[in-house]
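J.: Sharing a structure with you now.
Each reported figure results from applying straightforward, stated rules to the coordinates on display, with no laboratory input. Every value quoted in this text rests on a predicted model; they were computed, and no experiment measured them. Cβ sites come from the backbone with ideal geometry, for glycine too, and all protein chains shown count toward neighbours.
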């Protein structure tokens, strides 16, 4: 495997170069090609709905990592170390530097339910081995409007693309699971939170573009963090078939610390 991208934090230029290298695993190359094409291309004449995300990819802002398994503890521990390195360095790279994590696909096609289970198992593993306490300002009750996943002391929004999406092509990844991690601080820097006028305008524009791109009405679970009645966790992996999605997030959050053997923060510098 190409050690420069599997289990490592890389910039877009490095990830793109790896995708063109025959030594790179085919699933990594396929992830990049389909991700880049969907983010910067059009579907039936409609651009990708999240213009912030599309523009950031065009400008080379995101950081990337490839994860060798959706369940192996060593691979998930490495993902945690990469995520910690990302949190320590993203602001020095770009104000719009989200972390795109692409995962090795299963050997046989998975159901929607299996992808939901995989996502929450990954987030639970990261929480259990988080080296930092759960942020004091974030509730542990997942049914609270201000609950959101946190890691390394940072609240964040992990959003997924997966192969089971048929109607909502904006969430479709033909290869396998992709998780884009975005710290809340990133949204605050861009002034696109729900309590800012720019955020309200951005949300309205994105929802209009979603309907044009997907060809269906925006999902009923789309909402804003902290708004009564909305629950952000639904949006991490929007259900295509609600009967296959969890009714509540299958994750146990505890302030007791540490909860398991903590993931060590890497000492290496961001990107050689």
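J.: Put a dot 7 Å past each Cα toward the Cβ at residue 137 and residue 255; how far apart are the dots in nm?
T.: 1.6
J.: Taking R0 as 25 Å, what FRET efficiency do you get between residue 23 and residue 71 from their Cβ-Cβ distance, rounded to the nearest 0.05?
T.: On the way: r = 25 Å, r/R0 = 1.01.
After rounding, the FRET efficiency stands at 0.50.
J.: OK, next. Go ahead and estimate [θ] at 222 nm for the chain from helices alone: -39,500 (n - 2.57) per DSSP H run with n ≥ 4, summed, over the residue count, rounded to 500. Display every interim value, and only then the final one.
T.: Details: 7 runs with 94 residues, N = 272.
Counting only the DSSP helices, I get -11000 deg cm²/dmol.
J.: Ok, one more. Which of 183, 131, 249 ends up with the largest GNM mean-square fluctuation for the chain, with Cα atoms connected below 10 Å?
T.: 249
J.: Right, next: What full-extension length gain, to one decimal in nm, is calculated for residue 16 and residue 111 as 0.36 nm per residue of separation minus the Cα-Cα distance? Write out the running numbers ahead of the final one.
T.: On the way: separation 95, 0.36 × 95 = 34.20 nm, distance 2.95 nm.
Using 0.36 nm per residue and subtracting the Cα-Cα distance, I get 31.2 nm.
J.: Continuing with this model, one more query. Can you give me the distance in nm between label points at residue 208 and residue 167, each placed 7 Å from the Cα along the Cα-to-Cβ direction?
T.: Simple spin-label model gives 2.3 nm for this pair.
J.: Say we join alpha carbon atoms closer than 10 Å with springs in a Gaussian network model of the chain; which of 217, 23, 81 then has the biggest fluctuation?
T.: Of 217, 23, 81, the Gaussian network model singles out 23 as fluctuating most.
J.: Moving to a separate point now. In nm, to one decimal, how far is the modelled label at residue 55 from the one at residue 43, with both set 7 Å along Cα→Cβ?
T.: Each label point is offset 7 Å from its Cα along the Cβ direction, giving 2.2 nm.
J.: In what order do 150, 4 fall by count of nearby beta-carbon atoms within 10 Å, going from fewest to most?
T.: On the way: 150 22, 4 18.
The order, fewest Cβ neighbours first, is 4, 150.
J.: Would you mind giving the three semi-axes, in whole Å and largest first, of the ellipsoid equivalent to segment 10-244 according to its Cα gyration tensor?
T.: Details: eigenvalues 112, 99, 74 Å².
Ellipsoid semi-axes (Å, largest first): 24, 22, 19.
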